[in-house]
Amino acid sequence: GNAFEWVTYLGDVVVADIASDATGIYFGGDNRTGRPSYPAISAPPGLVQNRTDDAVIGKLNPTGSALLYYTHIGGSQYDQIDTVAVDSTGALYAGGTTKSPDLPLQNPLRSYVAPTSGNFQDGFVVKLSPAGNSVVYASYIGGSGDDFIFDVKVDSAGALYLLGNTYSTDLPQLDSLQTTSRGQQEVFIMKLKPAGNALDFSTYLGGTGSDLGYSLALGAGGAIYVTGVTQGPAFPTVNAFQSAQPGGLITFLTKYTLTAPSQTPTVTALSPIATSGTQQTFTFSFSDPDGAADLGVVNVLINNFLNGAGACYIAYDRPSNIAFLVNDAGDNLTALTLNGSGTTANSQCTLVGAGSSATTSGNTLTLTLVIQFNATTFSGRKVVYMAARDAVQNNSGWQPMGTYSVGATPAANPMVVSLTPNSGSANSATLSITYRDATSAGNLQATQILINNALDGANACYVPYFVPGNLLLLVPNNGDGNQATAMDLAGGGTLENSQCRVESVGSSRSVSGNTLTLTVKLTFKTPFNGRKIIYGGVQTATGGNSGWHAMGAWVVQ
């Protein structure tokens with residue numbers, strides 16, 4: 001039959017609220033004068049213990065036989081906890097009221113501001129770590145009048161919701177539905193960001209008299225439910241079951257829906273970044289701040305330039321788990337279910353179902369694609385672009401993530417042969433790029449290195465080298481090569497534009513038979529941050545031209 005499992009005294013505490021999970025029972029309250037003082041257990045360092053009229057917080061084990069942690073938290077005046085909540089990690093959140101001007105704060109939303117009216121009481125909140133042995137944040141909540149916190153709730157992301165009463169007319173407001181206090185005593189609702197030191201939402205709620213908020217609850221889709229009583233007229237009602245105010249105290253129930261602004265998804269990683277061959281298993285990573293389930297379509301485009309025609313262009317629809325390969329003209333699709341036995345192809349590539357997959361974890365979608373390239377019709381150096389779009393059409397835009405060389409190095413001359421390193425992530429780089437002539441490096445006239453997010457000399461780090469004069473050049477921001485500034489490669493100088501600085505010290509050239517290797521030392525500037533492609537080109541004295549080749553990728557930090 002029914003029976004007590006356990007009953008225990010908590011002689012030190014006037015308990016105001018409790019919460020529980022599988023690991024124990026959490027409580028908060030205050031230590032009144034005349035009660036015995038429990039010794040602190042696993043308490044955060046720096047908090048004064050064994051003092052009366054302090055707020056107290058603790059946790060019992062599931063059988064009620066032992067305190068797992070216990071601590072006072074307060075200042076030199078009266079403090080009390082009125083409400084507690086616990087999140088999925090076991091972190092404890094508490095809200096209450098304090099008269100102390102010296103409450104121990106940590107990462108606060110608001111420091112102490114002396115009240116100018118009332119009984120000089122402020123609201124406060126505190127969050128303890130799951131072990132109870134450290135304060136994650138502690139902050140005053142309120143304005144220049146008296147403020148009280150009566151209920152707190154925490155959501156799955158760790159955001160804290162507060163319900164309280166205030167006599168302050170200067171509470172901070174954010175995305176408020178009622179920006180001013182209409183009466184003597186008003187309800188307020190706040191949402192703190194997970195770090196505790198910033199607001200996500202704050203509003204007054206009330207009419208022209210006195211209003212009291214007692215309890216709040218969280219619902220699906222950003223819903224907040226608030227209940228309390230109101231004494232004044234002009235209390236706002238919307239879609240009301242009962243809209244008439246009969247006078248006196250009357251209960252109210254309110255629902256808010258907080259709609260967080262949608263955030264733009266991003267492309268985060270490609271592996272491998274720069275390699276070659278005719279078949280490759282690529283891993284593409286995408287991220288959505290609203291969760292991977294918010295992603296709609298993610299895209300991969302492999303081509304000489306950002307052009308869907310004549311490309312290996314794959315769109316993956318996350319909700320249906322189907323990948324689509326765009327046709328040669330760039331205007332139609334064929335579908336393939338991932339992790340199946342089928343394939344789909346155009347003239348540039350074949351997408352293989354076996355070994356291809358998509359997985360999600362938190363905010364991240366990882367797309368693995370097995371791609372076979374047609375080395376006959378699609379040979380040469382290609383740029384790998386990625387883009388992501390979410391369910392409401394927010395779009396990352398196309399980002400150049402890496403390069404892939406289909407087949408062997410082209411046999412034509414002159415030619416850009418290799419780049420070392422062909423990928424990296426830093427605010428500087430020393431790049432060695434090798435160029436080739438059919439018979440002798442002495443036939444080479446000019447070489448180019450162009451670093452940008454597209455093949456564009458404007459606002460780029462664009463470095464030509466004039467071979468006969470041993471001159472290193474830098475093209476200005478406008479991309480006009482005729483206005484490039486020059487320096488002797490061996491002269492010890494520097495060249496700069498808004499994207500990069502080129503240094504002759506650390507730069508060099510070497511010649512071996514029909515190849516020339518140019519090493520260039522570069523320092524990138526902050527406005528040039530982001531993902532870039534490294535292009536190379538070379539010309540001969542007799543007019544031979546390699547054209548531009550995508551040789552590698554760099555993330556400028």
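Read the figures in this text as sums done on the coordinates, not as results from a lab. Not measured: the values here are computed from a predicted model. Every residue, glycine as well, gets a Cβ built from its backbone with ideal geometry; the counts of neighbours run over all protein chains shown.
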- Message: Tell me which of Ala85, Gly46, Pro115 sits at the most positive position along the dipole axis of segment 1-137, charges placed on C-beta atoms (Lys, Arg +1; Asp, Glu -1).
- Response: Gly46
- Order by neighbour count: Thr227, Thr359, Thr283, fewest other Cβ atoms within 10 Å first, most last. Thr359, Thr283, Thr227
- Task: Report the net charge of residues surrounding Leu199, where surrounding means a beta-carbon distance below 12 angstrom and charges are Lys +1, Arg +1, Asp -1, Glu -1.
- Result: +1
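Provide the FRET efficiency to the nearest 0.05 for the Arg501-Leu218 pair, computing r from the beta carbons and using R0 = 56 Å. Walk me through the numbers on the way to the answer.
Working: r = 53 Å, r/R0 = 0.95.
Using R0 = 56 Å, I get an efficiency of 0.60.
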- Run the dipole for the chain about the Cα centre, Lys and Arg Cβ at +1, Asp and Glu Cβ at -1, nothing else charged, and hand back the magnitude in debye, nearest 20. 1420
- Karplus-derived 3J(HN,Hα) from phi for segment 436-445 (6.51 cos²θ - 1.76 cosθ + 1.60, θ = phi - 60°), whole Hz, x at Gly and Pro, runs 9, 10, 5, 10, 8, 5, x, 7, 6, 9
- Task: Return the distance in nm (one decimal) between the two label points of a simple spin-label model at Asn413 and Ser432, each offset 7 Å from Cα along Cα→Cβ.
- Result: 2.2
- Message: Give me, ordered by chain and number, the residues 5 or more places off Phe201 or on other chains with an amide H under 5 Å from its own placed amide H.
- Response: Lys191
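Where does each of Cys349, Cys461 land when they are ranked from fewest to most other beta-carbon atoms within 10 angstrom?
Fewest-to-most Cβ neighbours within 10 Å comes out as Cys349, Cys461.
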- Kindly write out, for segment 89-103 in residue order, the coupling ³J(HN,Hα) from the Karplus curve 6.51 cos²θ - 1.76 cosθ + 1.60 (θ = phi - 60°), rounded to whole Hz, with x marking Gly and Pro. 8, x, 6, 9, 10, 9, x, x, 10, 9, 9, 7, x, 10, 4
- For segment 415-556, size of Cβ-based charge dipole, Lys and Arg +1, Asp and Glu -1, in debye: 280
- Spin-label model distance (nm) - Phe4 vs Thr275, 7 Å beyond Cα toward Cβ: 6.8
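Cα convex hull of segment 264-356: mean projected area in nm², to one decimal?
Working: hull surface 25.3 nm².
Projected area, direction-averaged: 6.3 nm².
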- In whole angstrom, the spacing between the Cα centers of segment 115-148 and segment 418-465 equals 59
- Based on other C-beta atoms within 10 Å, arrange Asp87, Asp211 from fewest to most. Asp87, Asp211
- Query: Tell me, in nm to one decimal, what length is gained between Asn133 and Ala541 on full extension, where the rule is 0.36 nm per residue of separation less the Cα-Cα distance?
  - Reply: 139.5 nm
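Could you please tell me the mean projected area of the C-alpha convex hull for the chain, averaged over all directions and given in square nanometres to one decimal? Write out the running numbers ahead of the final one.
Values: hull surface 150.3 nm².
Average projection, Cα convex hull of the chain: 37.6 nm².
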- Can you run phi through the Karplus equation (6.51, -1.76, 1.60; θ = phi - 60°) for segment 135-148 and list ³J(HN,Hα) in whole Hz, with x for Gly and Pro? 8, 6, 8, 8, 8, 6, 10, x, x, 8, x, 6, 9, 9
- Item | Positive-end residue, the chain charge dipole about Cα centroid, Cβ charges, pick of Ser100, Thr8, Ser507 | Ser507
